Amino acid sequence: MIIDTLANASKYFSLHPSFAKAFDYINQNNVATLADGIYETPEGIKVIVNTGIGKTAEASLAKFECHDKNIDIQLCVKGLETMAWKPREKCLTPNGDYNPDKDVRFFSDAPDMSFQLTDGQFAVFFPEDVHAPMIGDGEIKKVVIKVKI
């Protein structure tokens, strides 16, 4: 997992060939004004823009998730978002089967830690990162970029 600000995004371009394209999308579009929805780039990157009211930790942890085929770049555009995290190797209680169509696997384990993101901060979740986003009070606008592995 990575937690950082957009000002430092270029430091991570070497980690995956599509990271530069993903962050270019953010920089070339005014994400604060993008309408909620799903956008596809010509490079095959999926961009999900979502605005919603923050959830309780309990509600978010009901879908404590990880992915096998994608890396998530989750950018907080507006608001204060808390996220829960635990390394996948320590998650021992599956919550259902892996869904290959949605590339998601859920766990019922308790997180090891939580952290907060605010405007212009992002987290990168690799397949080994189990995470629960959208914890908070008030409105949160975020962008999730799905980068295929």
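The values are calculated or read from the model by the stated rules, or taken from the named source; none is laboratory data. Keep in mind it's a predicted model, so treat the numbers as computed, not measured. Cβ atoms come from the backbone with ideal geometry, glycine included; neighbour counts cover every protein chain shown. The accessibility values were calculated without ligands, DNA or RNA, using every heavy atom of the protein model including side chains. Shrake-Rupley method; radii C 1.70, N 1.55, O 1.52, S 1.80 Å.
Would you mind finding the longest exposed-site-free stretch of the chain, with exposed trypsin sites (Lys or Arg not before Pro) meaning DSSP loop and at most 12 other Cβ atoms within 10 Å?
Longest gap between qualifying sites, sites excluded: 1-68.
Considering only protein heavy atoms, what per residue accessible area in square angstrom results for the chain with a 1.4 angstrom probe?
51
Springs between alpha-carbon atoms under 10 Å, Gaussian network over the chain: tell me which of Phe115, Phe126, Phe107 tops the mean-square fluctuations.
Phe115
Go ahead and set up a Gaussian network model of the chain, Cα springs under 10 Å, then flag whichever of His131, His16, His67 fluctuates most.
Greatest mean-square fluctuation among the candidates belongs to His16.
About its Cα centre, what dipole magnitude does region 13-137 give when the only charges are +1 on Lys and Arg Cβ and -1 on Asp and Glu Cβ, stated in debye to the nearest 20?
Dipole of region 13-137, to the nearest 20 debye: 40 debye.
Over the chain, what percent of the accessible surface lies on carbon and sulfur atoms, probe 1.4 Å?
Carbon and sulfur: 52 percent of the exposed surface of the chain.
Run the reach check for Lys90 against aspartates and glutamates, Cα to Cα strictly under 15 Å, same-chain hits fewer than 8 apart removed. What comes back?
Cα-Cα hits under 15 Å: Glu65, Asp109, Asp112, Glu128, Asp129.
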